[in-house]
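In what follows, a structure is listed as structure tokens, so that the remarks can point back to it.
The numbers here are math on the coordinates, done by the rules we state, and not lab data. Just so it is clear, the model here is predicted, and its values are computed rather than measured. Cβ sites come from the backbone with ideal geometry, for glycine too, and all protein chains shown count toward neighbours.
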Amino acid sequence: MIGLEHYLILSAIIFSIGLYGLMTLNNGIRLMMCIELMLNAAIINLVAFSAYSHDITGQVFALFVIALAAAEAAIGLAIMLAIYRIRDDIELNEINILRW
Amino acid sequence: MEDILLLAPEIILAVTALVVLVAGLYLKTEHKVALGFISVAGIIMAIALTMSIMLAKTSASMFYDTMVIDPLSQVFKLVFLSVALLVSIASVKYVSEDRNTEEFFALLLLAIIGMMVVSSSNDLITLFLGFELAGLATYALVGFEKKNIKVLEASMKYFIIGAVSSAFLLFGMSYVYGMTGTTNIPGIAANAHLLVDNPIGIVAIVMLIAGFGYKMSLVPFHMWAPDTYQGAPSVISALLAGASKKMGFIAAFKVIIVALIALNAEWQTIFAVLAVITMTLGNVVALSQDSVKRMLAYSSVAQAGYISMAFVVLTPTALAGGILYILSHAFMKAGAFIAVAIVGFMILVGNKDARDTDHIDNFRGLSKRMPITAFALMVFLLALAGIPATAGFVSKFVLFSSTIEAGLVWLAVIAILNSAISLFYYARVIKYMYFMPTEGGRITEPAPYAIAMILALVAVLVIGIWPEPFIYWASEAANVLLI
Amino acid sequence: MAGIIDSYIPVAIILVVAIIMPFITMFIVNVLSPRSSGETKFDTYESGSDPTGEARIQFKVEYYLYAISFVIFDVAVLFMFPWSVVFVGYDIAALLTIELLIFITVLLFGFVYLWKKEGLQWEK
């Protein structure tokens, strides 16, 4: 059988892929996809724990997080779009007015 | 039905937000000033209700034990609501002549509802939802001037780092849920021994601290704070520093102190290190800033370091000191940012295309041009430095003396040295305002800004001169944390 | 461990079939299809009319905003799933109906906002 640890390893790998992408990529849309990966890794964790401990709470949590991830993507895309309208690209390395 | 009545402040705010949002669609731009008054009225009603619940000393848990009402939650709700009141009064001027006024006030109210949900939450699900509701609303608020690339950059940095840290937070929460089998905070506390000496427990603690630390702007996670506070509209910086940051603290109090007290050996060490580097780096970097908003942002980072000493000391007095510090910092910082907003307004009146309105050169001779603002800003800065007869002194005194009582003299010494450093950069602004010549005549502050600033000034002085009731409520709140 | 491998046998069969099938079809097409050559054969096919412009076009970023407002309302349905699961058999149908009505009213506010702000309009 596939055990709980398989799911946990899977989610840890997905989380790390998201984090790696976040640190290496520059394009706004790709960063959003990486953030989505990290959130979804946490959702896998929640659902796996919920299924293996026969407790429904984790799945309820997962439903809320799915809705929340959509809202987060909406806000993020709106910000990217506003930047795109002014600058015609969303390469984030180019945006650096604020510095110490 | 009792349950619903205890949540009346939140419900009033939610209804106000929806009414403002839809009413704004049907109003002409010149009539949209009314929306600001509606929001202020809603917030004042919510404050009155929250106070009446607090003074009745109600304690209740509701919605299947996912929300609680206790002194802790009410004190924090009042902090958030007061900051919201200051910000929304000041914003009546800031967003006048803007055609998106309704979005501004609706988002502001939703952000406050999110923070109030966090302070009432007794379950990881409600806590995370409130945390994100406040986060999402403030991401949009920071980017409110959507034609200004500086504002958008601030908003984007805030959004990306915020979204990542909420992913960290959720991942940590999922481990806590998996190991203890519940999301209820007292339930986690009862089962938390399962996490002790468990590698997953350490991973969860680190991820939770990373997630909360970003909202609190503790040092390794503070990178967004200076950029966002500087780039955002000043009234929104007041909201972020005054309220949003405090939400990070109440969430961390609930999850780390209440739920995971069994792991305190691990997280007390982490917080000791974080507190020391946060206050030192914040103060040292603030010394070399020419932008006043950026200086205030770094000072805000440093203050987060002082407040997180409460996690290290962990005695009832220290926690009361931390909560008192949170209360007074909310007024000092919100007031200071509103004063900076007034200076920005003054500069823009003189020159419509002026950039970097928060540069320290713009503060030259402010005492001649705007005596009220200059005096208020001086009081806020002295309070931030911890000069007696202000709120900053009282809260620093309670917090530092409890640290010495607990035997952590080294920590108190570092904190006091840091306060001394901070006096340099606050005094520099005061020197510019009072001892530098200027040209340009006297300018009257717009009424909404002036009212908000004077309310904050009164609060700072009242807490400084008559601190007993505030200390009483802070210790009532702290008692909830250490059962 | 053997259990895991056994449960993946159907996947393995599909994998093998998926790899072999394209080659078989390509072979059959090669053998059976008639062949001719001419100039129009190598043109882009656009339903019989003369081809114009590039085949590769980029969607405007606006499209994503349009899509995301769909996703937001789409995801709201998610909350109706747990609602419908407990609707029958727990004797709380009246309370649940009121709750869902409140939920939909709030969504409606969002929809009115989207409509009046011309969020549903293409090419603002």
Loop sites in the range B:96-131: GluC sites (Glu not before Pro), DSSP, at most 12 other Cβ within 10 Å: B:E97
Residue mean of other protein chain beta carbons inside 10 Å, A:34-41: 4
Backbone HN-Hα couplings from phi across the range C:96-104 [Karplus 6.51/-1.76/1.60, Hz, Gly and Pro as x]: 5, 4, 4, 4, 5, 4, 4, 4, 5
Crossing angle, helix B:371-385 versus chain B [Cα axis fit, 0-90 degrees, rounded to tens]: 30 degrees
Chain B: relative contact order as a whole-number percent, Cα under 8 Å and 6+ apart: 16 percent
FRET E, pair B:M436, B:R355, Förster distance 22 Å, beta-carbon r, rounded to 0.05: 0.60
Folded to 0 to 90 degrees: helix B:124-142 orientation relative to chain B principal axis, Cα: 20 degrees
Size of electric dipole in the protein assembly as shown: Cβ of Lys, Arg +1 and of Asp, Glu -1, about Cα centre, debye, nearest 20: 2000 debye
The range B:84-97 - phi-based ³J(HN,Hα) in whole Hz, Karplus 6.51/-1.76/1.60, Gly and Pro as x: 4, 4, 4, 5, 6, 5, 4, 6, 3, 6, 4, 9, 5, 6
Residue order, fewest to most beta carbons within 10 Å, for B:H329, A:H54, B:H193: A:H54, B:H193, B:H329
Neighbour-limited loop hits for chymotrypsin sites (Phe, Trp or Tyr not before Pro), the range B:19-82 (at most 10 other Cβ within 10 Å; DSSP other than H, G, I, E, B): B:Y64
Filter on B:K146/B:K245; B:K93/B:K146; B:K245/C:K117; B:K215/B:K352 - keep pairs with C-alpha separation over 27 Å: B:K245/C:K117; B:K215/B:K352
Inter-probe distance in nm under a simple model that places probes 7 Å from Cα toward Cβ, at B:M45 and B:A447: 2.3 nm
q = 0.05, 0.08 Å⁻¹, the protein assembly as shown: log10 I(q)/I(0) [Debye, one scatterer per Cα]: -0.27, -0.65
Pairs beyond 30 Å (Cα-Cα), from B:K254/B:K396; B:K157/B:K368; B:K32/B:K147: B:K157/B:K368
Rounded to 10°, Cα long-axis angle of helix B:468-481 versus longest principal axis of chain B: 40 degrees
Amide H contacts under 5 Å for B:M67, placed H, 5+ residues apart: B:M62, B:N122
Estimated vicinal HN-Hα couplings, Hz - the range B:311-321 in sequence order (Karplus 6.51, -1.76, 1.60; Gly, Pro = x): 5, 7, 6, 6, 9, x, 5, 5, 5, 4, x
Spin-label proximity, B:N264 to the range B:164-206 - amide N less than 19 Å from point 7 Å beyond Cα toward beta carbon: B:185-198, B:202, B:205-206
Cβ-based net charge around B:F435, under 13 Å, with every Lys or Arg adding one and every Asp or Glu removing one: +4
Averaged over A:44-51, number of beta-carbon atoms from partner chains that fall within 10 Å: 4
Qualifying trypsin sites (Lys or Arg not before Pro) for the range B:416-482 [loop in DSSP, other Cβ within 10 Å: at most 10]: B:R442
